Amino acid sequence: VVTNMIGWIAGLVSDHECGYAVQPGDAAGFAARLIELKDNPDLVASMGQNARALAEAEFSRDAMFVKFEQVLSDSAEV
């Protein structure tokens, strides 16, 4: 992943080492990251594994259901 989104998405990508976050409008930085990835297939593989682990842990159907259920439960208590 190479994203030019700032905020929580940049943090997620960085914290889980599944890609790079580049400042919006930084075309040179974006290009540099793409070249770095092109030149480092082992890094790409590692980041891909990290991305898969993140997706399974945080965004699987089961994980999303637990979060949704908590939102409903919290709303019912208001």
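The values are calculated or read from the model by the stated rules, or taken from the named source; none is laboratory data. Note that this is a predicted model, so its numbers are computed, not measured. For neighbour counting, all protein chains shown are included, and Cβ atoms are generated from backbone atoms with ideal geometry for every residue, glycine included. Side chains are part of the model used for accessible areas, which takes the heavy atoms of the whole protein and leaves out ligands, DNA and RNA. Shrake-Rupley method; radii C 1.70, N 1.55, O 1.52, S 1.80 Å.
Data for the structure
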{"item": "Counted residues, the stretch 4-26 - those being under 14 Å from Leu54 (Cα atoms), part of a loop (DSSP other than H, G, I, E, B) and either open to solvent by 60 Å² or more (accessible area, probe 1.4 Å) or acidic (Asp, Glu) (or both)", "result": "2"}
{"item": "Where Gly29 falls short, out of the listed (1) out of contact with any Phe, Trp or Tyr (no Cβ under 9 Å at 6 or more places or on another chain); (2) in a helix (DSSP H, G or I); (3) surrounded by 12 or more Cβ atoms within 10 Å (Cβ to Cβ)", "result": "(1)"}
{"item": "Single unsatisfied condition, Glu56 versus (1) assigned to a helix (DSSP H, G or I); (2) open to solvent by less than 80 Å² (accessible area, probe 1.4 Å)", "result": "(2)"}
{"item": "Test: residue in the stretch 59-74 that is surrounded by 10 or more Cβ atoms within 10 Å (Cβ to Cβ), assigned to a loop (DSSP other than H, G, I, E, B), touching a strand residue (DSSP E or B) at 6+ places or on another chain (Cβ under 7 Å) and not basic (Lys, Arg)", "result": "no"}
{"item": "Extreme residue, nearest to His16 (Cα to Cα), among residues of the stretch 35-50 that are open to solvent by 60 Å² or more (accessible area, probe 1.4 Å) and among the hydrophobic types (A, V, I, L, M, F, W, C)", "result": "Val44"}
{"item": "Of residues in the stretch 51-78 being touching a residue at least 12 places away in the same chain (Cβ under 8 Å) and among the small types (Gly, Ala, Ser), the one nearest to Cys18 (Cα to Cα)", "result": "Ala51"}
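Each row is one residue, and each column tells you yes or no for (1) among the hydroxyl-bearing types (Ser, Thr, Tyr); (2) within 19 Å of the chain's Cα centre (by Cα).
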| residue | (1), (2) |
| --- | --- |
| Ile9 | no, yes |
| Ser14 | yes, yes |
| Val22 | no, yes |
| Ala28 | no, no |
| Gln49 | no, yes |
| Asp74 | no, no |
